[in-house]
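Since every read-out is calculated from the coordinates, none of them should be taken as a lab result. Owing to the predicted nature of the structure, the values given are computational and were not obtained by experimental measurement. Using ideal geometry, Cβ is built from the backbone for each residue, glycine included, and neighbour counts are taken over all protein chains shown.
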Amino acid sequence: EVSLAVAPMFHIFGHHHGVIHPLYIGATHVIVRQYKPDIVLEQLSKHKVTLFAGGPSTVYVGILAAEGIKTADLSNLKICCAGSSPLSEDLLTNWEKTTGCPI
């Protein structure tokens, strides 16, 4: 598996999804130093990420609005996790429709 989490690793969500979980399952972990939607999309495609985690109101909304979403290959995504803020039904629907992977 290949994991990418964009939450800061000093935050419990980022620490779990960016450190503990990838180590526990023996996954390769892609580290993105700063959240920028198009950079995250580039890394998701380039590294064929299978496990992705982020905050809905910033990460998932930002990625769906990014120009790169039109050309990004997100076909390897298997599991997408969200935390830290509420997740709307519209966001759930739009993410799955766009990426093929539910949150």
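Structure above, values below:
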item: The one condition in (1) out of contact with any Pro (no Cβ under 7 Å at 6 or more places or on another chain); (2) outside any helix (DSSP H, G or I); (3) surrounded by 15 or more Cβ atoms within 10 Å (Cβ to Cβ) that SER3 fails to fulfil; result: (1)
item: Only listed residue being touching a Leu at 6+ places or on another chain (Cβ under 6 Å), part of a helix (DSSP H, G or I) and surrounded by 15 or more Cβ atoms within 10 Å (Cβ to Cβ), chosen from GLY14, GLY68, GLY62; result: GLY68
item: Pairs, first in contact (Cβ under 8 Å) with a residue 12 or more places away in the chain and under 13 Å from VAL32 (Cβ atoms) in region 8-22, second of a type in the set (A, V, I, L, M) and surrounded by fewer than 18 Cβ atoms within 10 Å (Cβ to Cβ), C-beta under 7 Å, six or more apart; result: GLY18/MET9
item: Those residues of region 43-59 which are crowded, with 16+ Cβ neighbours inside 10 Å and either in a helix (DSSP H, G or I) or over 12 Å from the mean Cα position of the chain (by Cα) (or both), in sequence order; result: GLN43, LEU44, SER45, PRO56, VAL59
item: Residue satisfying condition, being of a type in the set (Val, Ile, Thr) and part of a loop (DSSP other than H, G, I, E, B), within set VAL40, VAL19, VAL32; result: VAL32
item: Any hit, region 41-56, residues being farther than 19 Å from GLU1 by Cα and of a type in the set (Ser, Thr, Tyr); result: no
